[in-house]
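First up is the structure itself, then whatever we jot down about it.
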Amino acid sequence: MKKHILPAIKLTVLSILLLCIAYPLIVWGMAQFAPNKGKGKIITHNGKTYYANVGQSFTEDKYFWSRPSAVDYNAAGSGGSNKAASNKEYLQQVQARIDTFLVHNPGIAKSEIPVDLVTASGSGLDPNISVQAAKVQVKRIAKIRGIAEGNLLQLILAKTEKPLFGLFGPEKINVLELNIALDNLK
Amino acid sequence: MNTEILGIIAMFGVTLLLAIPLGKYIAKVYAGERTFLDPVFNPIERLFYKVSGINPDNEMNWKQHLVALLTINLLWFLMSMGILMNMGSLPLNPDGNPSQSADLAFNTTISFLVNCNLQHYSGETGISYLGQIWLMFLQFVTAGVGMAAAVVVFKAFREKSTTQLGNFYNYFLKSCTRILLPISLVLAAIFVFEGMPMTFDGKDTITNLQGDTVQVSRGPVAAFVPIKHVGTNGGGFFGANGAHPLENPSYLTNMVEMFGQFIIPMAMVFAFGFFIRRRKFAWMMYGVMTVGFLLLAIPNINMEMNGNPAITQMGIDNSLGAMEGKEIRLGAAASGFWSIVTTVISTGSINSMHDSSMPLSGMNELLAMMINAFYGGAGAGILNFLIFIILAVFISGLMVGRTPEFMGKKIEAREMKIAMIIALAHPFLILVGTALAAALPQYTSATLANPGFHGFSEMLYEYTSSAANNGSGFEGLGDNTVFWNISTGIVLLLGRFLPIIGPVAIAGLLAEKKFIPESAGTLKTDTSTFGLMVFAVIAIIAALAFFPALALGPIAEYFSLY
């Protein structure tokens, strides 16, 4: 064992130089050519800066709502609810979310509410909702903002992101971008 | 066809297509043959050897390999404890995160040292950037160690009769420089352009559109995430791991991360075949592993896409699937697929919360780690699979009345004893650990996030993940307590080093034996019949050892829900 100690120490020091200094520096160098120089993709709106990939809390009736979050969309942390599918308390919570949604969205049938609007995401920071989740909120927003439902549906269509290369993965909508576009409609 | 399913087929297909050429490349690297990266890495490696006083041509026997391996691991252990317990006052800590307590640092150190990456802290609050970079170092080198150990086994079966099995440092360094580093760089290039942060700035504070003020954690994520996957480590930069929108911003990054973690375990199987010049044998292994993998993955994709029946009953539109703990940009199908990939190959990264999986999906995740040999971790998977092969050779030898032989070597009592001990150690660690946790409710019951059967599953998952060096969790478990930190730390240690020592010893012992040329009386090990035999051995051991525990957890939960 003794004769391995010195080579082990030297090899470790050199590996640190390569893997902990050279490698991150190369990646950092590549990031300087990336959007916002590797500080995260941003959206600017009315002079304010937002992170495009980090979801925001939208609870006011005049906005398209985001999904429920276990961390209230505070990206200082992240995480899911970790509730089991069979947990009774959790199922009551889901039921309560459905009831709340129906109160705020008169004229919507229960069967139209998509599951993403009543379940928390894994990160608590999900920036997206499903297309159906946006459509089901159109009636409410049209009434509050006095915009024709058709215009809102068109907005949703314009903001719908297709699957990757049109082939892989689900369709989705970025809630923040949708709401910024909504504010710009007037 | 459904684009979510198509995405999965693409991920699996691309990985398989590239695994074969990569396997060939890996075999060449370890055989010391010429490759296209020689001009870059030959000078670097020569410098490393010169300064370290290592002669890469100085061959070692299997015992010397293990001593070298354990010595360098001990060194990393000490360094890691020092860094994690003091990082609060060291540089690269813009958010002022605290140092870790001794028991937490012990758990974190062991868990990254053994390529597990079980995390009892959250990246945003529990570690500095210096700590993250140190853990990134461990993610590289521990994968290198696992691969180096596997190559000792490769070498033992390549030579006819030898005690000289190559140089540990040579295998280790080449794994890092010529395999892990280049693939990581390619992945990082994709990630930075997809919006993954690569910055040393601390948390940002923003006011969102609705007027609330929140913080956004950032960091050198795009350097960390590639090796997290390529080395089958799985430790997240952020608490939510691969579900975090900055750690996995798009479906494209999800596909690339999936590819990154899947490619080396698959390629190592083919590399084995190329290296020992028995490609058909590699295909037998690949076949068994793939059948096992699909038997776990397809039901999970299906169950997660069908969603939670209790929510369907509430009368809403449940067509997106079980979205609790899942992200919209990834979808239920890709999350179900990932949940099995990450558990069969010991990555343990997650892109959805496994705690909120459907009950039988959770069971399959557990089973994947209990078997731990369908592809398996970088290097470690082959070692685990070797144990099952030895058992299958012995049992089929007895069944047909022939002397058990494998690769021209007789399997005798000593090898069998080692194989049995290793095969039984895994269930022993998992079941004894869980039984202990269940018997000591004063330490554990308050840490469970869910009542009833699922609470039991949370404990079972924690020890299974530890013993399999996986690192994923039913994360509802409040696991940063002295009890969990220490008990899983011990399971982690034994769960890593026993399955390295055992197979390396078996390979070393076999390599020393006289080579018996194949004859009509030899049991053929590269046929589908033998593959079936290996599969049966795996299924029987897993079923017998784990069925009672699974019946108490996920199976009971299933019947309570449906």
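Determine, yes or no, whether residue B:365 is more than 28 Å from the chain's Cα centre (by Cα) and acidic (Asp, Glu). Working first, answer last.
On the way: more than 28 Å from the chain's Cα centre (by Cα): no; acidic (Asp, Glu): yes.
No; evaluated as a whole, the condition is false for this residue.
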Here is a list of conditions, (1) away from every other protein chain (no Cβ under 14 Å); (2) over 30 Å from residue B:290 (Cα atoms), and residue B:18 meets all of them except one; can you say which number that is? (2)
In a loop (DSSP other than H, G, I, E, B), at pLDDT below 95, under 30 Å from residue B:506 (Cα atoms) and not charged (D, E, K, R) - does that describe any residue in the stretch B:97-110? no
Name the residues in the stretch A:18-76 that are free of Cβ contacts under 8 Å to residues at least 40 places away in the same chain, basic (Lys, Arg) and either over 19 Å from residue B:224 (Cα atoms) or in a helix (DSSP H, G or I) (or both), would you? A:37, A:48
I'd like to know if the stretch A:82-98 contains one or more residues that are buried (at least 20 other Cβ atoms within 10 Å of the Cβ), basic (Lys, Arg) and touching a residue at least 60 places away in the same chain (Cβ under 8 Å). no
Determine, yes or no, whether residue A:134 is at the interface with chain B (Cβ under 7 Å from one of its Cβ atoms) and buried (at least 24 other Cβ atoms within 10 Å of the Cβ). no
The lone exception for residue B:277 - which of (1) modelled with pLDDT under 95; (2) assigned to a helix (DSSP H, G or I) it fails: (2)
Out of all the residues in the stretch B:150-183, which are within 7 Å of chain A (Cβ to nearest Cβ) and closer than 30 Å to residue A:54 by Cα? B:181
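Of a type in the set (Asp, Glu), touching a Phe, Trp or Tyr at 6+ places or on another chain (Cβ under 9 Å) and either modelled with pLDDT of 95 or more or in a helix (DSSP H, G or I) (or both): is that true of residue A:116 in this structure? Spell out how you get there, then give the answer.
Details: of a type in the set (Asp, Glu): yes; touching a Phe, Trp or Tyr at 6+ places or on another chain (Cβ under 9 Å): no; either modelled with pLDDT of 95 or more or in a helix (DSSP H, G or I) (or both): yes.
So residue A:116 does not fit the description; no.
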Failed criterion for residue A:76 (all others in (1) more than 7 Å from chain B (Cβ to nearest Cβ); (2) surrounded by fewer than 24 Cβ atoms within 10 Å (Cβ to Cβ); (3) not aromatic (Phe, Trp, Tyr) hold): (1)
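Would you mind finding the one in B:203, B:228 that is charged (D, E, K, R) and under 20 Å from the mean Cα position of the chain (by Cα)?
Working: B:203 fails: under 20 Å from the mean Cα position of the chain (by Cα).
The conditions single out B:228.
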Among the residues of the stretch A:143-184, how many are under 20 Å from residue A:114 (Cα atoms) and in a loop (DSSP other than H, G, I, E, B)? 5
Which of the residues belonging to the stretch B:111-131 are assigned to a helix (DSSP H, G or I) and modelled with pLDDT under 95? B:111, B:112, B:113
How many of the residues in the stretch B:156-188 are touching a Lys or Arg at 6+ places or on another chain (Cβ under 8 Å) and of a type in the set (D, E, K, R)? 1
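State yes or no: is residue A:158 surrounded by 13 or more Cβ atoms within 10 Å (Cβ to Cβ), at negative phi and either within 14 Å of chain B (Cβ to nearest Cβ) or modelled with pLDDT of 95 or more (or both)? Before the answer, list the steps.
Working: surrounded by 13 or more Cβ atoms within 10 Å (Cβ to Cβ): no; at negative phi: yes; either within 14 Å of chain B (Cβ to nearest Cβ) or modelled with pLDDT of 95 or more (or both): yes.
No; evaluated as a whole, the condition is false for this residue.
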In the stretch B:432-452, which residue that is surrounded by 15 or more Cβ atoms within 10 Å (Cβ to Cβ) and under 13 Å from residue B:482 (Cα atoms) is farthest from the other protein chains (Cβ to nearest Cβ)? B:443
Cross-chain or 6+ apart pairs with Cβ under 8 Å, the stretch B:522-546 first and in a helix (DSSP H, G or I), then charged (D, E, K, R): B:530/B:524
So in the stretch B:187-243, with the set limited to residues that are of a type in the set (Val, Ile, Thr) and over 18 Å from residue A:49 (Cα atoms), which one is farthest from the other protein chains (Cβ to nearest Cβ)? B:232
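Within the stretch B:285-295, identify whether any single residue is part of a loop (DSSP other than H, G, I, E, B), buried (at least 21 other Cβ atoms within 10 Å of the Cβ) and not hydrophobic (A, V, I, L, M, F, W, C), and answer yes or no. It would help to see each step written out before you state the result.
Here is the first cut: in the stretch B:285-295, the ones part of a loop (DSSP other than H, G, I, E, B) are none.
The answer is no; no qualifying residue exists.
The values are calculated or read from the model by the stated rules, or taken from the named source; none is laboratory data. Computed from a predicted structure; not experimentally measured. Every residue, glycine as well, gets a Cβ built from its backbone with ideal geometry; the counts of neighbours run over all protein chains shown.
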